[in-house]
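One structure is given here, and the rest of the page talks about it.
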Amino acid sequence: MPILPTFDDVTAAAARLAGHVHRTPVLTSRTMNDETGAQVFFKCENFQRMGAFKFRGGFNALSRFDDRQRKAGVVTFSSGNHAQAIALSARLLGIPATIIMPHDAPASKMAATRGYGGNVVVYDRYTEDREAIGRKLAEEQGMTLIPPYDHPDVIAGQGTAAMELFDETGPLDALFVPLGGGGLLSGSALAARALSPQCRIYGVEPEAGNDGQQSFRSGSIVHIDTPRTIADGAQTQHLGGYTFGIIKRDVDDICTASDAELIECMRFFAGRMKIVVEPTGCLGLAAVRNMKAALAGKRVGVVISGGNIDLERFAALLAG
Ligand SMILES: *Cc1c(COP(=O)(O)O)cnc(C)c1O
């Protein structure tokens, strides 16, 4: 059993991130409050630097490198947003970065990663093991591997978004968080348990890739094949030892949303709230809509995790 990060690690991460991370806005929508009968607070990490919450965990992890690690550089694997987070954080801190990305990653994410100065190495997400490629590069070249979710400093950094949310809203009755490998959910759970102990915490996964739900219900980590879903930020095959340890202990349940439901939420965000949210970022709202009977009269937090999507793809999804 690994030693799990705690809320103290989240507050330490917040201090390291101060002045580097945006304090993203918390938005509300009369239309959504009317539709759900709840009071919904959206924590808008689509407005975070590089367009998603992942800057928080990446910057926190790289901030803790010693001189030798800074010199040798960082390596990571990611389907997109973590890659950009590491590339941007590394550039800001003067650390060389190597990023292992699937060859079919969204063009905007790959271009942004290169634009931030990251050295991109591509692999096939359906046939190759990105973790093995990462470990090999780390060993051969002395680089430090920072994985996208299963790392205490990454989890602590991701928890700062929910920390800011509670700071703004006070205690909530429920919190809905997109779930891929669980860095965001476990960090959010650390913040929620400390700042709003009665809050029910829900992770939300794509229906096609409900390994987290299966793991939560069976009590041990379930591995699945890479799911085919438009929620490319949550195409993970399994939770990690750290993230599952916290999720098992602190999270109340894990629900799922279909691709069609995610598209309806993208439409709502763009049409009513005038914000661009990537499919994965819509998971929280999709679950709230599915659970509205149980949420009437409650104060509900929703983490919008990111807004990185090619506009052509955004338009094509909305056009159906
Ligand atoms: C990575 C990502 C997620 C999932 O985060 P995990 O920490 O892997 O659970 C959700 N939404 C977006 C936009 C992401 O980039």
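The values are calculated or read from the model by the stated rules, or taken from the named source; none is laboratory data. These numbers come from a predicted model, not from an experiment. Note that we place each Cβ from the backbone using ideal geometry, even for glycine, and neighbour counts take in every protein chain shown.
Structure above, values below:
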{"read-out": "The one condition in (1) within 22 Å of I146 (Cβ to Cβ); (2) in contact with a helix residue (DSSP H, G or I) (Cβ under 6 Å, 6 or more places away or on another chain); (3) surrounded by 23 or more Cβ atoms within 10 Å (Cβ to Cβ) that H238 fails to fulfil", "value": "(3)"}
{"read-out": "Residue within segment 126-139 that is surrounded by 15 or more Cβ atoms within 10 Å (Cβ to Cβ) and among the hydroxyl-bearing types (S, T, Y) present", "value": "no"}
{"read-out": "Single residue of segment 1-15 satisfying the filter (within 13 Å of V154 (Cβ to Cβ) and touching a Ser or Thr at 6+ places or on another chain (Cβ under 7 Å)) that is surrounded by the most Cβ atoms within 10 Å (Cβ to Cβ)", "value": "A13"}
{"read-out": "Residue check for I221: touching a residue at least 40 places away in the same chain (Cβ under 8 Å) and in a loop (DSSP other than H, G, I, E, B)", "value": "no"}
{"read-out": "Residues being within 13 Å of the ligand (Cβ to nearest atom), in a loop (DSSP other than H, G, I, E, B) and within 27 Å of E312 (Cβ to Cβ) - total across segment 246-287", "value": "3"}
{"read-out": "Qualifying position, being surrounded by fewer than 24 Cβ atoms within 10 Å (Cβ to Cβ), of a type in the set (G, A, S) and either near the ligand (Cβ under 8 Å from one of its atoms) or at pLDDT 95 or above (or both), among G183, G170", "value": "G170"}
{"read-out": "Filtered residues of segment 298-315 (kept if among the hydroxyl-bearing types (S, T, Y) and over 19 Å from G203 (Cβ atoms))", "value": "none"}
{"read-out": "Candidates A18, A13, filtered to the one that is of a type in the set (A, V, I, L, M, F, W, C), out of contact with any helix residue (DSSP H, G or I) (no Cβ under 6 Å at 6 or more places or on another chain) and within 23 Å of S196 (Cα to Cα)", "value": "A18"}
{"read-out": "Extreme residue, nearest to G157 (Cα to Cα), among residues of segment 77-99 that are more than 14 Å from the ligand (Cβ to nearest atom) and hydroxyl-bearing (S, T, Y)", "value": "S89"}
{"read-out": "Output for segment 3-21, where each listed residue is at positive phi and hydrophobic (A, V, I, L, M, F, W, C)", "value": "none"}
{"read-out": "Among residues of segment 21-43, those that are surrounded by fewer than 24 Cβ atoms within 10 Å (Cβ to Cβ) and either in a loop (DSSP other than H, G, I, E, B) or within 16 Å of the ligand (Cβ to nearest atom) (or both), counted", "value": "9"}
{"read-out": "Selection count where residues are in contact with a Ser or Thr (Cβ under 6 Å, 6 or more places away or on another chain) and assigned to a helix (DSSP H, G or I), scope segment 44-91", "value": "11"}
{"read-out": "Exclusive hit being in contact with a Gly (Cβ under 7 Å, 6 or more places away or on another chain) and in contact (Cβ under 8 Å) with a residue 60 or more places away in the chain, set A107, A83, A87, A72", "value": "A72"}
{"read-out": "Odd one out for P178, checked against (1) at pLDDT 90 or above; (2) touching a Gly at 6+ places or on another chain (Cβ under 9 Å); (3) farther than 19 Å from I304 by Cβ", "value": "(3)"}
